[in-house]
Amino acid sequence: MELQPKDKPFVIRKKFYLALASWMVFGMMFLYLALVYSNYFLIPLFLLFFSIGFWTLSLRCPRCNKQIILNPVIFGIYGYTPWLPYNCTQCDLEFD
Ligand SMILES: [Zn+2]
């Protein structure tokens, strides 16, 4: 079964790194603000965590539609990983 890719594979990698980078930058920023100024900055921190998390979960392989961060971790057990494999672990499509 050959699906028509809706994103080019390198776009997937870019989107993933964008999510990771914005989590690092804004996560650190809100954490710093929370520690220095007020605990209320933890609210945007959690909102950011969940929105980036769900957005990353919505990134799928353009060919087989598998979630790209759902990968075999050990002994064939699947889990969500904070990294991206070089190839899709289901259809072997290269991501860059
Ligand atoms: Zn795939």
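Bear in mind these aren't lab numbers, they're just calculated from the coordinates by the rules spelled out. Since we're looking at a predicted model, the values are computed, not measured. Positions of Cβ are generated from backbone atoms using ideal geometry, with glycine treated the same way; all protein chains shown enter the neighbour counts.
Going by alpha carbons, how many degrees (0 to 90, nearest 10) lie between the helix axis of 9-36 and the longest principal axis of the chain?
The helix 9-36 is inclined about 10 degrees to the chain.
When the helix-only estimate is applied to the chain (DSSP H runs of n ≥ 4, each -39,500 (n - 2.57), divided by the residue count), what is the mean residue ellipticity at 222 nm, nearest 500 deg cm²/dmol?
-16000 deg cm²/dmol
Sort I74, I52, I68, I43 by Cβ crowding within 10 Å, fewest neighbours at the top.
On the way: I74 6, I52 17, I68 25, I43 12.
Fewest-to-most ranking of I74, I52, I68, I43: I74, I43, I52, I68.
I'd like the orientation of helix 42-57 relative to the chain: the angle between its Cα long axis and the longest Cα principal axis, in ° from 0 to 90, rounded to 10.
Tilt of helix 42-57: around 0 degrees.
Starting from the Cα of K66, step 7 Å along the direction of its Cβ; do the same at F49; then give the gap between the two resulting points in nm.
Computed distance between label sites K66 and F49 equals 2.9 nm.
Only counting other Cβ atoms within 10 Å, I'd like L35, L59, L42 sorted with the fewest neighbours first.
The order, fewest Cβ neighbours first, is L35, L42, L59.
What whole-number volume per residue, in cubic angstrom, does the convex hull of the C-alpha atoms of the chain give?
Details: hull volume 9.4 nm³, N = 96.
Enclosed volume per residue, from the Cα hull, is 98 Å³.
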